[in-house]
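The values are calculated or read from the model by the stated rules, or taken from the named source; none is laboratory data. What you see is a predicted model; the values in this text were computed from it and never measured. Note that we place each Cβ from the backbone using ideal geometry, even for glycine, and neighbour counts take in every protein chain shown. Accessible surface areas use protein heavy atoms only, side chains included; no ligands, DNA or RNA. Shrake-Rupley method; radii C 1.70, N 1.55, O 1.52, S 1.80 Å.
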Amino acid sequence: MASQASASPARRSRARRLKPAQVEELFRRLKWLDPKPTTELEFSSPYELLVAVTLSAQATDVGVNKATRKLFPVANTPEAIAALGVDGLKPYISTIGLYNTKAANVVAMAEQLIERHASEVPRERAALEALPGVGRKTANVVLNTAFGEPTMAVDTHIFRVSNRTGLAPGKTVRAVEDGLLKVVPAHYLHDAHHWLILHGRYVCKARRPDCPRCPIRDLCLYKDKTPGEPEA
Ligand code: SF4
C-alpha cells in the first residue's frame, strides 16, 4: 500500500488501465451477450428521441417512457409541442423530476427548431448544444442513436464502469469520454455506450456491484469487488 500511495499520479493511472487486448475482450463479451443494444427510451423519430433524452436528466427511462407514451400521441413535432406551450406540456410530464424547467426547455427548443432548423433536429453537435436544455451528453445520445455517429455519451453509469474497470479512468465526465474514444476499438465504438450503460445499470450497480455474476469480472481492475463465486 505504501508503494502505491507514493506512486506518481501517472504511474497510478497506468496501473489502473486495461490493456488493449483486455478492452477488446471486454467488448467481445458484452457484444456476445447483447448483439444489438439500444437505448431503453422509447422513440420513433429523432425529435421524439431529443425530447425523451431532454426529459431523462435525473429521471429513469421507465418514468420518461410512461410520460412520453401519453405525450407523443398528442404532440410529437416541434409545432405540436410549441402549440401546447409550457402550461399545456406540464401535465404530461409532471411525474418527472425538474418538470417545470424541462417543460420550459422543451417548448423553447421546439420554437428554436421551427425558427432555425425548419423543424428538423440538426445533425451537428454545435447546433444541438445550442438548443435550450441540450448539453454535451444529450447531443452525444442524439448523434449516436438517431444519426449513427460513433459518439460516447457518458452518464453516471458509464462514468462508474469506466473508472471501476480501468477501461477509461478519469476524474471528469469529459476525461472519461475522451479516454473511451481513445481506447474503444473502432468496431465497437457505435454501440459501446449502450453496452456500458446497461452494464452499469444492471450489473455494475452504484451501491453494490454484482461482481459474482459479472461477465467481465476477470478483466475488471476494481479492487473492492463484491465477494461470491460466479454461478456455474
Ligand atoms: S467485476 Fe464488479 S466492479 Fe468490475 S465491472 Fe463487474 S460488477 Fe463492476
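At least 1 residues being β-branched (V, I, T) and away from the ligand (no atom under 16 Å from the Cβ) is the threshold, and among the helices (runs of 4 or more DSSP H) wholly inside the range 132-232 those reaching it are 136-145, 173-183. The residue of the range 14-33 that is farthest from V176 (Cα to Cα), among those that are open to solvent by 50 Å² or more (accessible area, probe 1.4 Å) and in a loop (DSSP other than H, G, I, E, B), is K19. When we screen A175, A192, A186, A206 for residues that are among the small types (G, A, S) and under 17 Å from W32 (Cβ atoms), the only hit is A192. Residues satisfying the criterion are present in the range 164-178 (criterion: open to solvent by less than 60 Å² (accessible area, probe 1.4 Å) and under 23 Å from E40 (Cα atoms)).
Has the range 79-89 got at least one residue that is closer than 20 Å to E40 by Cα, at pLDDT 95 or above and surrounded by 14 or more Cβ atoms within 10 Å (Cβ to Cβ)? No, every residue in the range 79-89 fails to be closer than 20 Å to E40 by Cα, at pLDDT 95 or above and surrounded by 14 or more Cβ atoms within 10 Å (Cβ to Cβ).
Hey, E40 hits all of (1) at pLDDT 95 or above; (2) touching an Asp or Glu at 6+ places or on another chain (Cβ under 8 Å) but one; which does it fall short on? Tallying (1) at pLDDT 95 or above; (2) touching an Asp or Glu at 6+ places or on another chain (Cβ under 8 Å), E40 fails exactly one: (1).
If you go through the range 113-123 and pick out every residue that is charged (D, E, K, R) and assigned to a loop (DSSP other than H, G, I, E, B), you end up with 2.
Which residues, taken from the range 135-156, are more than 13 Å from V176 (Cα to Cα), touching a Ser or Thr at 6+ places or on another chain (Cβ under 9 Å) and free of Cβ contacts under 8 Å to residues at least 40 places away in the same chain? Once the filter is applied, which keeps residues that are more than 13 Å from V176 (Cα to Cα), touching a Ser or Thr at 6+ places or on another chain (Cβ under 9 Å) and free of Cβ contacts under 8 Å to residues at least 40 places away in the same chain, the range 135-156 yields A139, L143.
Sub-8 Å Cβ pairs linking a first residue in the range 208-220 that is in contact (Cβ under 8 Å) with a residue 12 or more places away in the chain to a second residue that is more than 8 Å from the ligand (Cβ to nearest atom) and open to solvent by less than 40 Å² (accessible area, probe 1.4 Å), at least 6 apart or interchain, are C211/G228; P212/G228; P215/L30; I216/L26; I216/L30; L219/L18; L219/L26; C220/G166, ordered by first then second residue. Scanning the range 40-88 for residues that are of a type in the set (S, T, Y) and under 14 Å from V106 (Cα atoms) returns Y47, T54, S56, T68, T77.
You will find that of A110, A103, A126, the residue that is assigned to a helix (DSSP H, G or I), surrounded by fewer than 16 Cβ atoms within 10 Å (Cβ to Cβ) and of a type in the set (G, A, S) is A126 and no other. If you go through the range 81-100 and pick out every residue that is assigned to a loop (DSSP other than H, G, I, E, B) and either on the phi < 0 side of the Ramachandran plot or touching a residue at least 60 places away in the same chain (Cβ under 8 Å) (or both), you end up with 4.
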